[in-house]
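Report on the structure given below.
What follows draws every value from the coordinates through simple rules; no lab data is involved. This structure is a prediction, so every number in the text was calculated from the model and none was measured. Note: ideal-geometry Cβ built from the backbone for every residue, glycine included; neighbour counts use all protein chains shown.
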Amino acid sequence: MKSPNGPKAPALVQLMQWIADPFAFMNNCLERYGDCFTARVASNFRPMVFVSNPQAIQQILTGDTKQFEAPGDVNGLFRPLLGEHGLILISGDRHRRQRQLIMPPFHGERMKAYGEIISDLTEQVMSEWKMGEPFSIRHSMQAISLRVILRAVFGLNEGDRYQQMEELITSVLDVTGSPLSASMLFFPILQQDLGAWSPWGRFLRQKQQIDSLIYAEIQERREQGDTNRTDILSLLMAARDEAGAALTDVELHDELMTLLTAGHETTATAITWALYWIHKQPEVRAQLLQELDSQGEQPDNNAIFRLPYLNAVCSETLRIYPVAMLTFPRVVRSPLQMVGYDLEPGTVLVGSIYLTHQREDVYPQPKQFKPERFLERQFSPYEYIPFGGGSRRCIGMAFALFEMKVVLAKILSNFELALADNRPVKAVRRGLVSAPTNVRLVVSGKRQKTAKSLATQAL
Ligand code: HEM
């Protein structure tokens, strides 16, 4: 009987290391215990097997409704922010039905209809940049991605309620942004309301304000009874289960909160990283501009979505420092063998997206940003897993990639930008996901297309 080994330090020490520097923690464990190790980093100190072996990842992600399950209740860390009833926290048939309901607007033609909106919102944010003044790229990208998701979810991006929601959501996610304040999510004992100035008190008050705005919007929609709207809230309100029952207000609220949270920070972080790498490596920027310029003055968003080098840049960005470091947990249903280990029912496993993407045997020189690797070979869905897989695969995958590409194309085609300084940028914990330390860019000019690219178009 062989189960994956792991660090012997007390669980509390392991959890604190995991909160403070998740990348160092995973690298150290990999080095000592190999690509399947058991660590105690859950808030209930339950052992969790970290997996970064593609064969094992395949077994987990293809078996997560048979040999494994992907229950929502193991995602309790998200509960204070998202409530009980959103996609991330629910399980089984209910989870499957809810996914089927929410997926279509984030795919195909309905997704592509957002192209224009994404472009316009990018222009709105770019118009605030001032020549020669360094600015935080995360801040700008978050403004874009939050406005985009608010539009998709509620179909609105104007008015007082929208404005307040934008400010409050940004601020509530900033409360849990640093590793220190992220500890509040991992240690329920720190979740004490000691007044408006205490970190948890502030979190709760801001969260309550967001909740009231969402409930007010739901109430207004019920009163209006408009059946022609195509936003996600309208879709959810029209849905009925087999017994003919509609979602309750609390269920609607939790689902909206899930989409707003999962759908904007992640994408904003990914675009921030992409802009960092593009400006860190001039040859990447040059090649990207050549590809973008070949599309003419007014490139079509569908064509942008299919550009090979832009796709490779986005893929490599999500490989090198994946925003989500782990998949959601899976739980073993009945005794099984996995790459030489015996796993008991009840064992909790997570795919380490970061360690999988850092495998030297799959990605030679894994610390280097090399988009070409995605042009030279295809990686299997168990070697490359920025959006997880199986029954909980990210429902926003296509949407996030589309948004990344449209925003990047818009910015790069319009502005000459440069990194504002040479300070090293590191990947760090940001709440329950990861992000770069502050990346600042500076606008050095409006972009003129090169004579060469204009000549290519003329041919
Ligand atoms: C670059 C951006 C994004 C990344 C890297 C990302 C990554 C992930 C990952 C790794 C998972 C877990 C998958 C698993 O356990 O197998 C996930 C789940 C999820 N994502 Fe994303 N995501 C991104 C953008 C989005 C967007 C734009 C939305 C909303 C439109 C979204 C909504 C969700 C939801 C609701 C789940 C839970 C699915 C479920 O429980 O069935 N994500 N995402």
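Quick notes on this one:
- Estimated translational D of the chain in µm²/s (Stokes, Kirkwood radius over Cα pairs; 20 °C; 1.002 mPa s): 92 µm²/s
- Of all aspartates and glutamates in the structure, those lying under 12 Å Cα to Cα from residue 2, and not within fewer than 8 positions of it along the same chain, are 342, 344.
- Positive-end extreme of charge dipole, the chain - chosen from 288, 38, 183 (charges on Cβ): 38
- Here is the tail figure for segment 51-200: Cα pairs spaced more than 23 Å apart come to 59 percent of all pairs.
- Of the trypsin sites (Lys or Arg not before Pro) found in segment 207-251, the ones in coil according to DSSP and having at most 14 other Cβ atoms within 10 Å of their Cβ are 240.
- Rounded, prolate or oblate (a/c below 1.5 giving rounded, otherwise prolate when a/b exceeds b/c) for segment 1-113 by Cα gyration tensor: prolate
- Kyte-Doolittle mean at least 1.0, axial Cα span of 15 Å or more - DSSP H helices of the chain: 397-414
- Of the GluC sites (Glu not before Pro) in segment 353-453, the ones in a loop by DSSP (not H, G, I, E or B) with at most 15 other beta carbons within 10 Å are 360, 372.
- Contact order normalised by residue count of segment 59-147, Cα under 8 Å, 6+ apart, percent: 16 percent
- Selection of trypsin sites (Lys or Arg not before Pro), segment 366-409, meeting DSSP coil and at most 12 other Cβ within 10 Å: 367, 377
- Options 243, 261, 224, ranked by Cα towards positive dipole end of segment 191-264, top entry (Cβ charges): 261
- Only Lys, Arg (+1) and Asp, Glu (-1) charged, at Cβ; the chain dipole about Cα centre in debye: 1100 debye
- Entry note, the chain: relative contact order of 25 percent, from Cα contacts under 8 Å with a spacing of 6+ residues.
- Long pairs among 207/426; 405/446; 280/426; 367/410, criterion Cα-Cα beyond 18 Å: 207/426; 405/446; 367/410
- Each Cα pair under 8 Å and six or more residues apart adds its separation to the average, and for segment 274-433 the resulting relative contact order is 28 percent.
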